[in-house]
Amino acid sequence: MLKITGIETFYGKIQALKGVSLEVEQGKVVTILGANGAGKTTTMKTISGLLKPKRGTIEFLGENITGLRPDQLLRKGIALVPEGRAILSSMTVLENLEMGAYHRNDKDIKKDIEEVMARFPILKERKEQLGGTLSGGQQQMLAIARALLSKPKLILLDEPSMGLAPLIVADIFKMIREIKENGTTVLLVEQNAKQALKVADYGYVMETGKIIINGKATDLLEDTRIVEAYLGKK
Ligand code: ATP
């Protein structure tokens, strides 16, 4: 579904991605792991059009989408939930959800918002509340629900569990499983390597702008290099 080949992305003269190649198959959850500064967020920003790669190609459903803008990619079915959530804190929960569907002009928007609120009842309970007054976990849930309202074929989740308490983290991973069960493909960046590999089908590990290890998630969970560097004793 998504195939990126030899991506090189720069911040000015600093090269953050040094030839990243990866693939995401339709219907799967693929995770990108790696230490801080490895280039995970830069990869997500490059795929979603927020950064333009200097070299390399990005193909989505067989089409070359390299260099397209985020709004163009959203219309093609790629939605990003950025690190730090970026919900609109002075808008209500409902308005945030409506924003997720802003580029759609079909008749199902209302029905889809109802459906999302039924799936995540806390959002229904708080629909008139300002986004900024939600807890961190609720904001993350809202950010993901908002992205789902764009009806993406592929959703990019950048560190959705960051800064959340363990119980809430479990909710977020449950949400990721549900997204997959509903047929949406997921590319997930996570610090929480163990949980990410448990929910994922396939994984990539990045280090200093490159992919250094890739494999089936079940194999990576057993891989001594990964266990030592990312999974620890837990
Ligand atoms: P984190 O988990 O901290 O987000 P990451 O793996 O997502 O880490 P990136 O944020 O993609 O890493 O950063 C990759 C490299 O690019 C790092 O060396 C970082 O210092 C550098 N970098 C990131 N953002 C910028 C920026 N706006 N300007 C200059 N350099 C940047």
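The values are calculated or read from the model by the stated rules, or taken from the named source; none is laboratory data. Fair warning: this is a prediction, and the values are worked out from it, not measured in the lab. Cβ sites come from the backbone with ideal geometry, for glycine too, and all protein chains shown count toward neighbours.
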Task: Considering residues of region 199-234 that are modelled with pLDDT under 95 and of a type in the set (Lys, Arg) only, the residue farthest from Glu178 (Cα to Cα) - done: Arg225
Task: Selection within region 83-93 - surrounded by 18 or more Cβ atoms within 10 Å (Cβ to Cβ) and outside any helix (DSSP H, G or I) - done: Arg85, Ile87
- [ ] Could you please find all residues in region 11-30 being within 9 Å of the ligand (Cβ to nearest atom) and touching a strand residue (DSSP E or B) at 6+ places or on another chain (Cβ under 9 Å)?
- [x] Gln15, Ala16, Leu17
- [ ] Please verify whether region 100-115 includes one or more residues that are away from the ligand (no atom under 16 Å from the Cβ), part of a loop (DSSP other than H, G, I, E, B), within 23 Å of Lys3 (Cβ to Cβ) and not β-branched (Val, Ile, Thr).
- [x] no
TODO: State whether the residues of region 123-141 include one that is in contact (Cβ under 8 Å) with a residue 12 or more places away in the chain and under 20 Å from Ala200 (Cα atoms).
DONE: yes
Task: Answer from Lys180, Lys174 - the residue that is away from the ligand (no atom under 13 Å from the Cβ), basic (Lys, Arg), under 30 Å from Lys76 (Cβ atoms) and surrounded by fewer than 14 Cβ atoms within 10 Å (Cβ to Cβ) - done: Lys174
Task: Inter-residue pairs, beta-carbon under 8 Å, first in contact (Cβ under 8 Å) with a residue 40 or more places away in the chain and on the phi > 0 side of the Ramachandran plot and in region 176-188, second surrounded by fewer than 22 Cβ atoms within 10 Å (Cβ to Cβ) and not charged (D, E, K, R), 6+ apart - done: Gly183/Gly27
Task: Set Lys127, Lys174, Lys180: member being closer than 27 Å to Ile4 by Cα, of a type in the set (Lys, Arg) and out of contact with any Lys or Arg (no Cβ under 6 Å at 6 or more places or on another chain) - done: Lys180
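So that you can scan it fast, the table gives a plain yes or no per residue for (1) at pLDDT 90 or above; (2) out of contact with any Leu (no Cβ under 7 Å at 6 or more places or on another chain); (3) surrounded by 15 or more Cβ atoms within 10 Å (Cβ to Cβ):
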site	(1), (2), (3)
Asp108	no, yes, no
Gln129	yes, yes, no
Gln138	yes, yes, yes
Met141	yes, no, yes
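This table checks each residue for (1) of a type outside the set (Asp, Glu); (2) farther than 30 Å from Gly37 by Cβ.
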{"residue": "Arg69", "(1), (2)": "yes, no"}
{"residue": "Glu95", "(1), (2)": "no, yes"}
{"residue": "Val116", "(1), (2)": "yes, yes"}
{"residue": "Ile122", "(1), (2)": "yes, yes"}
{"residue": "Gly132", "(1), (2)": "yes, no"}
- [ ] For region 144-154, state whether one or more residues are at pLDDT 90 or above, of a type outside the set (D, E, K, R) and within 16 Å of Glu83 (Cβ to Cβ).
- [x] yes
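For every residue, the table says whether it meets (1) of a type in the set (Lys, Arg); (2) away from the ligand (no atom under 16 Å from the Cβ).
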residue	(1), (2)
Met141	no, yes
Pro160	no, no
Val205	no, no
Lys216	yes, yes
TODO: Report those strands (runs of 3 or more DSSP E) wholly inside region 171-234 carrying at least 1 residues which are over 20 Å from the mean Cα position of the chain (by Cα).
DONE: 210-216
TODO: Considering every residue within region 54-68, establish whether at least one is at pLDDT 95 or above and within 14 Å of the ligand (Cβ to nearest atom).
DONE: yes
Open item on the list: Condition first: more than 16 Å from the ligand (Cβ to nearest atom), modelled with pLDDT of 95 or more and either within 17 Å of the chain's Cα centre (by Cα) or surrounded by fewer than 16 Cβ atoms within 10 Å (Cβ to Cβ) (or both). Can you find one or more residues in region 31-53 that meet it?
Closed with: no
